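Report on the following structure.
The values are calculated or read from the model by the stated rules, or taken from the named source; none is laboratory data. Keep in mind the model is a prediction, meaning the values are calculated, not measured. Note that each Cβ is placed from the backbone with ideal geometry, even for glycine, and that neighbours are counted across all protein chains shown. For the accessible areas, the whole protein counts, side chains as well, though only heavy atoms, and no ligand, DNA or RNA atoms are used. Shrake-Rupley method; radii C 1.70, N 1.55, O 1.52, S 1.80 Å.
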Amino acid sequence: MNAIPKTEFYADRAVDQIDNFTKITYKIIWWIWPTVFWICFFSLWFLPKDMLKVLQDMGSRLLAILPVPDTVLYTFALLPFWLWLVGELLSSAVKIVRKFMLYPKSDFTETAKVTVEKKELIVHRSSKGRTSHSYLIWLKHPVSQSLMKVDVEQVGTFEKIQEGNPITVKHLLTPTNIIYLTVD
């Protein structure tokens, strides 16, 4: 069976901005979270036993005073995971709402030829030895002139595209930063 290569791709700058914000926040939290843990762990490790006993008593009194259940504390400990999950769900929901409800494809009547500013192949390494790839091209939106990233998804289509060559995009007359890219 020969698979027909996909030639049309959707790009939305708002979804990209949400994804980037989530990734940056997630990276910051994953730098802070282990650092605080190791500082607390080693500071408790090297404390004298009498000082450690005083801190344990203060901690248990504080937990007894706080009306916070243990499940909330455990949930807070998993904050990076919850933030990642919320970020992924938010970007998926925004993409679905914008692509299918607010700006359906039938509204995109304007066509333009824009040049490919940059091609980028990103290799995602995994621990099992398998690698996945992201095939990205960068181009300017015809109305807003903002640089947009388009995930091409297929290596054959990605190799067909050359930097500096014109490519067809469908867009709205308003600067919504949404395009449908078509590879000829």
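Give the stretch 155-181 a look and list any residue that's within 11 Å of residue 135 (Cβ to Cβ) and surrounded by 16 or more Cβ atoms within 10 Å (Cβ to Cβ), or say none.
157, 158, 161
Residue check: is residue 75 β-branched (Val, Ile, Thr), within 26 Å of the chain's Cα centre (by Cα) and in a helix (DSSP H, G or I)?
In short, yes.
Considering only the stretch 6-44, state which residues are among the hydroxyl-bearing types (Ser, Thr, Tyr), assigned to a helix (DSSP H, G or I) and touching a residue at least 24 places away in the same chain (Cβ under 8 Å).
22, 25, 26
Out of the residues in the stretch 103-116 meeting the condition of being touching a residue at least 24 places away in the same chain (Cβ under 8 Å) and open to solvent by 80 Å² or more (accessible area, probe 1.4 Å), tell me which one is nearest to residue 26 (Cα to Cα).
So the residue we want is 105.
Can you name every residue in the stretch 78-102 that is open to solvent by 70 Å² or more (accessible area, probe 1.4 Å), at pLDDT below 85 and in a helix (DSSP H, G or I)?
Matches in the stretch 78-102: 81, 82, 84.
Has the stretch 130-145 got any residue that is part of a helix (DSSP H, G or I), open to solvent by 90 Å² or more (accessible area, probe 1.4 Å), within 17 Å of residue 171 (Cβ to Cβ) and free of Cβ contacts under 8 Å to residues at least 40 places away in the same chain? Please lay out each step first, then the result.
Kept after step one, since they are part of a helix (DSSP H, G or I), are these residues of the stretch 130-145: none.
Taking every residue of the stretch 130-145 in turn, none turns out to be part of a helix (DSSP H, G or I), open to solvent by 90 Å² or more (accessible area, probe 1.4 Å), within 17 Å of residue 171 (Cβ to Cβ) and free of Cβ contacts under 8 Å to residues at least 40 places away in the same chain.
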